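Okay, so here's the structure we're looking at.
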Amino acid sequence: MGMISKLIGIVFAAAGFILLFFGMNDTSGLSFVYSLLGLITMSFGFALLTAGKPKEEKPPPPTVTEIRCNDCDFKEIRDFKKGDYVLKPVEDACPKCQTGMTIEGVYIIREEPKETYNV
């Protein structure tokens, strides 16, 4: 949304505020109608003002795959590859004992927010 929509949003918000103001000060039966129309017009104006803000796209968190040997204690952690799932046999042989290996887990690595201490 460009600058024109922002200006239109300001105009609608101002018009809605004026209608709401007259609705609150009117003693006739139309006060409810003015107030409701003012609120609707203001909300439409504010929607135009805030529309189109770019959302910050964060890259997906890193995902790793844990592979374990079927016979010995060997464990390897590597980057996730498409098609990895738990208990999937891996084509690579164990570097220690040359037997088959299986995927034991797929994990997302979460980064903890850095804590700042104010002294």
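The values are calculated or read from the model by the stated rules, or taken from the named source; none is laboratory data. Note that the structure is predicted; figures quoted are calculated from it, not measured. Ideal geometry is used to build each Cβ from the backbone, glycine not excepted, and the neighbour counts take in all protein chains shown.
The table for this structure:
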quantity: Selected residue (criterion: farthest from GLN98 (Cα to Cα)) from residues of the stretch 54-70 that are modelled with pLDDT of 90 or more and more than 24 Å from the chain's Cα centre (by Cα); calculated: THR65
quantity: Flag for SER5 being outside any loop (DSSP other than H, G, I, E, B) and closer than 30 Å to LYS55 by Cα; calculated: yes
quantity: Residues located in the stretch 71-81, provided they are more than 10 Å from VAL106 (Cα to Cα) and among the hydrophobic types (A, V, I, L, M, F, W, C); calculated: CYS72, PHE74
quantity: Residue within the stretch 34-50 that is loosely packed, with under 11 Cβ neighbours inside 10 Å, without any contact (Cβ under 8 Å) to a residue 24 or more places away in the chain and not β-branched (Val, Ile, Thr) present; calculated: no
quantity: Members of the stretch 71-110 found to be of a type in the set (A, V, I, L, M, F, W, C) and under 26 Å from the mean Cα position of the chain (by Cα), listed by number; calculated: PHE80, VAL106, ILE108, ILE109
quantity: Test set (1) surrounded by 12 or more Cβ atoms within 10 Å (Cβ to Cβ); (2) among the charged types (D, E, K, R); (3) farther than 30 Å from PRO113 by Cβ - ARG78 fails condition number; calculated: (3)
quantity: Some residue of the stretch 84-105 being in contact with a Ser or Thr (Cβ under 8 Å, 6 or more places away or on another chain), part of a strand (DSSP E or B) and under 19 Å from PRO60 (Cβ atoms); calculated: yes
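Residues are listed down the side, and each one gets a yes or a no for (1) surrounded by fewer than 12 Cβ atoms within 10 Å (Cβ to Cβ); (2) in contact with a Cys (Cβ under 8 Å, 6 or more places away or on another chain); (3) charged (D, E, K, R); (4) farther than 30 Å from GLY16 by Cα:
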residue: VAL64; (1), (2), (3), (4): no, no, no, yes
residue: VAL86; (1), (2), (3), (4): yes, no, no, yes
residue: ASP92; (1), (2), (3), (4): yes, no, yes, yes
residue: VAL106; (1), (2), (3), (4): no, no, no, yes
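Condition check ((1) over 27 Å from ILE109 (Cβ atoms); (2) among the aromatic types (Phe, Trp, Tyr)) across all residues:
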{"residue": "PHE22", "(1), (2)": "yes, yes"}
{"residue": "THR27", "(1), (2)": "yes, no"}
{"residue": "PHE32", "(1), (2)": "yes, yes"}
{"residue": "THR41", "(1), (2)": "yes, no"}
{"residue": "LYS58", "(1), (2)": "no, no"}
{"residue": "PRO62", "(1), (2)": "no, no"}
{"residue": "CYS69", "(1), (2)": "no, no"}
{"residue": "GLY83", "(1), (2)": "no, no"}
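Yes or no, residue by residue, for (1) closer than 30 Å to ALA15 by Cβ; (2) of a type in the set (Val, Ile, Thr); (3) in contact with a Gly (Cβ under 6 Å, 6 or more places away or on another chain); (4) not assigned by TED's automatic domain parsing to the domain that holds ILE8:
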position	(1), (2), (3), (4)
VAL33	yes, yes, no, no
LEU36	yes, no, no, no
SER43	yes, no, no, no
ASP71	no, no, no, yes
ASP79	no, no, no, yes
LYS82	no, no, no, yes
